[in-house]
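What follows is a set of notes on a single structure, which appears directly below.
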Amino acid sequence: MPFILTSRHAAHPDSGRVHAVPSEITPQAVYTNRRQWLREAALLGGGVMTSALPWARAQAQSAPATSATVTRPGKRAALSAVRSAVPGALAVDKLTSYEHITTYNNFYEFGTDKSDPAEYAHTLKTRPWTLSIEGEVGRPLKLGLDDLLKLGAMEERIYRLRCVEGWSMVIPWVGYSLSTLLQRAQPTSRAKFVEFISLADAQQMPGVRSSVLDWPYVEGLRIDEAMHPLTLMAFGLYGEVLPPQNGAPLRLVVPWKYGFKSAKSIVAIRLTEKPRPSSWMQANPREYGYFSNVNPTVDHPRWSQATERRIGEGGLFAPRKPTLMFNGYAAQVGSLYAGMDLRKYY
Ligand code: MTE
C-alpha cells in the first residue's frame with residue numbers, strides 16, 4: 001500500500017509487477033437497469049437503508065444493458081450467485097482478469113510486494129473461521145463460516161476497486177450487503193461507527209512479524225456508510241470462493257472508497273459510539289483520513305489522484321483513465337456526505 005516503509009517501495013507506490021495475460025472475458029448483454037436503480041436510490045434519499053433492496057424490484061422491471069459474462073476460472077470451489085442489478089462498474093468497463101486480480105494484491109500480513117500475497121497466502125487457514133459481531137448491539141453474535149455463507153442471498157456485484165496508490169481494477173465480487181449481517185445483531189441507538197478487524201496470526205501470516213503496521217489491520221466506517229446497500233460483505237469473486245490473497249474467507253468491499261478501507265480476512269466487527277483510528281491513520285495520519293472517499297480533486301500529499309492506471313490494460317506507460325468522484329458511485333452515495341467539506345474530511 002501507499003507508503004513507503006521498505007526500500008523496495010522507494011520509488012512510486014505503483015511500481016509493483018503486473019503479470020500480463022489476455023483477458024478471459026467475453027462481453028455480452030446482461031440484465032441490469034442502471035437508470036431504474038438510480039431513480040429508486042434517489043427516492044430512498046441515501047440515508048440509512050435497510051435490506052429492502054431497491055434493486056430487487058429494479059431487476060424485475062429491467063431492460064438489458066451492456067456488461068460482461070463472468071467465466072469461472074475453475075481454480076476454487078464454486079460460489080453461485082445471482083447477478084445483481086445494483087449499478088456496478090459502468091457498462092464500458094471491462095472486467096479485470098482473474099489472473100491480475102489474484103496476483104497483484106495488497107495484503108501486508110503476507111508481505112509488501114504486490115506479488116507476495118499470491119506467493120505466501122496459501123498458509124492462511126480459512127476453516128474453521130468465526131466472525132464475531134460485538135459492541136453496541138442488542139444481540140452479539142459469533143458466526144461460523146457455514147452460517148455466514150447461508151445468511152444472505154449471494155449476489156454477483158461488479159465493482160470498480162480504486163487503490164489510493166493510483167491503480168484500479170474491475171472485479172466481479174460475490175457476496176451480500178453488509179447491512180444484512182449487521183441487522184442480525186440489532187445495532188443499538190448508540191452504534192454510530194463500525195470497526196472491522198482482520199485476523200493477525202503470525203503463525204499463518206508472516207508479514208505480521210514485521211512492524212510495517214500495528215496489527216491487527218483495523219478499518220472503520222460510519223454506521224450509515226456501513227448500512228448502505230453498496231457496502232458488500234464479499235465471500236467470492238469470479239463465481240468462486242475468495243482466494244486467500246484477496247482476503248478469504250470474507251472481506252469488506254466499499255466501492256466508493258480507496259481500497260484500503262476494504263479490510264480482508266475479517267474476524268470481528270465492532271459497533272461503537274466513537275470512531276477508532278484505522279491502521280493507516282495510525283501509521284500516517286497526514287496522508288490517510290478516516291473517510292478516504294475516492295476524490296479526484298483531493299490529491300494525496302505525494303501524488304495526484306486525478307487519474308488511475310487500470311491493471312491489465314497496457315502496463316505502466318498506457319494512458320491513464322480519469323478518476324471519477326466517489327469512484328463513479330456519486331449518484332448512490334453522494335448524499336451521505338451532504339454539507340461536509342470533503343477537502344477537510346478526506
Ligand atoms: N486488508 C488487510 N487486512 N490487509 C491489507 O494489507 N490492504 C488494503 C485492502 N485490505 C489490506 C487490506 C488495500 S491497500 C487494498 S488496495 C485492498 O485491500 C486490495 O485488495 P485486493 O488485493 O483484493 O485487490
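The values are calculated or read from the model by the stated rules, or taken from the named source; none is laboratory data. Every value quoted in this text rests on a predicted model; they were computed, and no experiment measured them. Cβ coordinates were reconstructed from backbone atoms using ideal geometry, including for glycine residues, and neighbour counts include every protein chain displayed. Ligands, DNA and RNA are stripped out before the accessible areas are found, and what is left, the full protein with its side chains, is counted by its heavy atoms. Shrake-Rupley method; radii C 1.70, N 1.55, O 1.52, S 1.80 Å.
Which distance in Å, rounded to a whole number, links the C-alpha centroids of segment 249-280 and segment 182-223? Result: 6 Å between the Cα centres. In terms of its C-alpha gyration tensor, segment 153-253 comes out oblate, because a/c is 1.5 or above while a/b does not outweigh b/c. Here the Karplus relation 6.51 cos²θ - 1.76 cosθ + 1.60, evaluated at θ = phi - 60°, turns the backbone of segment 222-231 into coupling constants of 6, 4, 5, 5, 5, 8, 5, x, 6, 6 Hz, with x for every Gly and Pro. Annotation note: trypsin sites (Lys or Arg not before Pro) in segment 288-339 located in DSSP loop regions with a Cβ neighbour count of at most 15 within 10 Å are Arg302. Summing Lys and Arg as +1 and Asp and Glu as -1 over all other residues whose Cβ lies under 15 Å from the Cβ of Ala81 gives a net charge of +2. Under a 5 Å amide H cut-off, with hydrogens placed 1.01 Å from N, Leu242 pairs with Gly236, Leu237 among residues at least 5 apart or on other chains. In this structure the amide hydrogen of Tyr159, modeled in the peptide plane, comes within under 5 Å of the amide hydrogens of Ala89, Ile171, Trp173, none closer than 5 places in sequence on its chain.
Rounded to the nearest percent, how much of the accessible area of segment 266-316 (1.4 Å probe, protein heavy atoms only) is carbon and sulfur?
Values: 1140 of 2100 Å².
Looking at segment 266-316 in its full context, I get 54 percent from C and S.
The apolar share of the surface of segment 105-257, taken as the fraction of accessible area on carbon and sulfur atoms (1.4 Å probe, ligands and nucleic acids excluded), comes to 50 percent.
The amide H of Lys257, built 1.01 Å from its N in the peptide plane, has Val294 as neighbours under 5 Å, considering only residues 5 or more places off or on other chains. Of the cross-linked pairs Lys114/Lys264; Lys75/Lys142; Lys192/Lys257; Lys114/Lys344, those separated by over 23 Å at the C-alpha level are Lys75/Lys142; Lys114/Lys344. Full extension of the chain segment joining Lys125 with Met340 gains 73.2 nm, where the gain is 0.36 nm per residue of separation less the Cα-Cα distance.
In percent, how large is the relative contact order of segment 241-321, given Cα pairs closer than 8 Å and 6 or more residues apart? Provide the component values of the computation, followed by the final result.
Details: 74 pairs, mean separation 14.2, N = 81.
The normalised contact order for segment 241-321 reaches 18 percent.
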